[in-house]
Amino acid sequence: MCSKFDTAVAITAFTTAILGATIASAQDTRRELGAHQHGQGTLDVAIEGNKLTLEFRAPGDDIVGFEGKAKTAKAKQALAAALAILEKPLALFILPDAAQCTVVSAKAKVGADDDHAHGHGKPKSTKSPAAKHDHAQSEHSEFHADYVLTCAQPSLAASIDFGYFKLFPKAEKVGVQIIAPKGQTSAQATPAKPRVEFGALVK
């Protein structure tokens, strides 16, 4: 007979494995396309007990309207404002009030999209001035945000409304992967259809 500890370990291992495969698959797809996809972000959601873990990625152009390093005062201000918004997950990804979810941690940052900055995983030498110029021109910035939430009624956390599109109007869609004890699903959120429902996975 399996103990609660064994079950928790099994769920954690399952979630980690699936999320790893999902992220690897997304990276492979992006490499196959051979182009930085503006307008499209990704959200991976893992639900374990009353804990929700969210991992969000979006191209810099979708968030602040430019890519690469912020060089002007105006660009730096836009970057700081965007990061402040990205650290408020419940404004971006709205869960039902009945689920009574609260934020445990929220971290957002911006960095280079390594696949594009380094030629899809192949490091490029930057010893020569020409190579450094090519490297700078090819760099694409990407926003990364990681969140941990707890919900008093996780079985009622059955949908996500994407306030994200109102806060960042340049964004066109978000690919969503959800892993829960009762299964997994994938969906796509857009400004026209900003709600993703997954009640069967949590009830």
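The values are calculated or read from the model by the stated rules, or taken from the named source; none is laboratory data. All figures in this text were calculated on a predicted structure; none of them were measured in a lab. Reconstructed Cβ throughout: ideal geometry from the backbone, glycine too, with neighbour counts over all protein chains shown. In case anyone asks, the SASA skips ligands and DNA or RNA and just uses the protein heavy atoms, side chains included. Shrake-Rupley method; radii C 1.70, N 1.55, O 1.52, S 1.80 Å.
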Legend entry - Failed item, numbered, when Lys76 is tested on (1) assigned to a helix (DSSP H, G or I); (2) in contact with a Phe, Trp or Tyr (Cβ under 9 Å, 6 or more places away or on another chain): (2)
Legend entry - Residue that is nearest to Thr53 (Cα to Cα) [pool: residues in segment 166-202 that are open to solvent by 90 Å² or more (accessible area, probe 1.4 Å) and touching an Asp or Glu at 6+ places or on another chain (Cβ under 9 Å)]: Arg195
Inset, instruction - Kindly indicate whether any position in segment 8-26 is modelled with pLDDT of 65 or more and not in a loop (DSSP other than H, G, I, E, B). - result: no
Inset, instruction - Could you give me the residue pairs with C-beta distances under 9 Å whose first residue belongs to segment 33-45 and is open to solvent by less than 10 Å² (accessible area, probe 1.4 Å) and modelled with pLDDT under 90, whose second residue is outside any loop (DSSP other than H, G, I, E, B) and of a type in the set (Gly, Ala, Ser) wherever it lies, and which are 6+ apart or on separate chains? - result: none
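For segment 142-161, name all the residues that are open to solvent by 10 Å² or more (accessible area, probe 1.4 Å) and touching a helix residue (DSSP H, G or I) at 6+ places or on another chain (Cβ under 8 Å).
Kept after step one, since they are open to solvent by 10 Å² or more (accessible area, probe 1.4 Å), are these residues of segment 142-161: 142, 144, 146, 148, 150, 152-156, 158-159, 161.
Scanning segment 142-161 gives Glu142, Ala152, Gln153, Pro154, Ser155, Leu156, Ala158, Ser159.
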